[in-house]
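Coordinate-derived values only; no laboratory data. Predicted, not measured: the structure shown is a model, and the values here were computed from it. Note that we place each Cβ from the backbone using ideal geometry, even for glycine, and neighbour counts take in every protein chain shown.
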Amino acid sequence: MSQSIHDFHDDPRNADIRIWINGTLKPRAEATVSVFDSGFVLGDGVWEGLRVAGGHPLFLDQHLDRLYEGAKALALDIGLDRRALTDALYATLAANDMHDGVHLRLMVTRGPKRTPYQDPRAAAGGATVVIIPEFKLPKPETLSAGLKLFTVHVRRGFPDVQDPKLNSHSKLNCITACIQAIEAGADEALMLDPHGFVATCNSTHFFIVRKGEVWTSSGDYCLGGITRANVLQACREADIPAFEKNFSLSQVYGADEAFCTGTFAGVVPVRSVDGRSIGDGVPGPMVTRLQGLYRELVERDVRFRDGVRLA
């Protein structure tokens with residue numbers, strides 16, 4: 001049976017979480033937004049997923065950079081500066097007594113509209129800002145067994161159609177890619193760029209290992225992934241040859257190892273692509289090494305955040 005990289009074991013504590021909505025913490029059952037909200041009506045908004053460790057949202061500066069850059073591109077006024085939004089994240093964690101094993105979903109939409117129409121001038125107020133905290137960890141069996149990928153017909157498009165750099169609420173192309181992969185019995189979709197080169201997965205970034213080198217796509221047709229960038233940084237610090245470049249499916253099928261990266265699960269091995277086993281079909285030495293290096297980056301970021309909060 002296929003499984004999502006974002007699968008998790010249900011935690012009963014999530015039934016009683018308090019969700020931050022525009023400055024108010026509400027019980028889960030009462031946390032609602034208007035049916036006229038731009039995010040519901042049109043998918044008009046930006047979002048971030050943040051993993052929490054040691055009481056801190058990891059790599060927070062990078063996530064906020066991406067959020068505010070996306071909002072600026074959409075001419076969307078978040079209504080909160082970085083300090084206020086950071087304080088809101090920590091207030092949400094404190095209200096839920098959360099420290100580790102937590103995932104935050106930070107969502108910003110253009111807010112309610114006077115009428116359900118796409119023109120942003122129909123907005124009837126300020127932005128809607130929501131923070132959903134959950135006790136959530138990736139399934140250990142997913143991390144150990146690895147993922148099955150299937151290459152779908154849905155492409156990552158040109159930026160003049162819908163810029164893949166935008167982490168927007170409009171994710172229909174990724175959803176249709178995911179559906180095709182699921183129907184093929186895979187865990188995640190591998191998506192190509194308009195030229196036929198490997199781009200990314202529907203919800204994660206994709207890497208291969210060939211002859212001791214780590215390859216990922218050029219990045220031209222994928223979201224600027226935070227974990228992707230951190231893995232490339234870890235490679236540079238460890239003198240592991242790593243390249244952002246165009247490569248084909250044939251080069252994927254012949255790879256020694258492959259893996260995906262994402263905020264929720266970190267570094268996750270890939271055991272097969274389109275029915276071809278990658279390497280021995282089990283996590284290889286490079287993936288294992290990079291998982292350790294990524295954990296070190298996480299620990300470093302927690303120490304940095306401890307210092308920032310104490311200063």
Exercise for the section: Return the ratio Rg/(2.2 N^0.38 Å) for segment 149-258, where Rg is computed over Cα atoms only. Expected result: 1.05
Problem - Antiparallel %, DSSP beta bridges [both residues in the chain], to 5 - result: 85
Handout entry: Estimated vicinal HN-Hα couplings, Hz - segment 53-64 in sequence order (Karplus 6.51, -1.76, 1.60; Gly, Pro = x)
Key = 9, x, x, 10, x, 6, 6, 4, 4, 5, 5, 5
Exercise for the section: Provide the per-residue ³J(HN,Hα) series for segment 36-41, in order, calculated from phi with Karplus coefficients 6.51, -1.76, 1.60 and θ = phi - 60°, each as a whole number of Hz, with x at glycine and proline positions. Expected result: 8, 5, 4, x, 6, 6
Problem - Spin-label pair Asp239/Ala91, simplified geometry with 7 Å Cα→Cβ offset, distance in nm - result: 4.9
Problem - For the chain: relative contact order, % (alpha-carbon pairs under 8 angstrom, 6 or more apart) - result: 18
Problem - Prolate/oblate/rounded call for the chain, Cα gyration tensor, a/c under 1.5 rounded - result: prolate
Exercise for the section: Output the pairs from Lys211/Lys245; Lys171/Lys245; Lys165/Lys211; Lys165/Lys245; Lys72/Lys171; Lys72/Lys165 with a Cα-Cα distance over 23 Å in this structure; if there are none, say none. Expected result: Lys171/Lys245; Lys165/Lys211
Problem - Mean Cβ count within 10 Å, highest first, over the residues of peptides 160-171, 233-244 - result: 160-171, 233-244
Practice task
Provide the gained length on full extension for the span Glu213 to Arg289, in nm with one decimal, where the gain is 0.36 nm per separating residue minus the Cα-Cα distance.
Solution key: 26.1 nm
Handout entry: Label-to-label distance, nm, for residues given as Glu30 and Asp119 (7 Å Cα→Cβ offset)
Key = 3.7
Exercise for the section: Choose one answer from Asp87, Asp274, Asp301: the residue with the largest mean-square fluctuation in a GNM of the chain with alpha-carbon springs under 10 Å. Expected result: Asp87
Fill in the blank from the handout: Per DSSP, the loop-located trypsin sites (Lys or Arg not before Pro) within segment 73-122 having at most 15 other beta carbons within 10 Å are Arg114
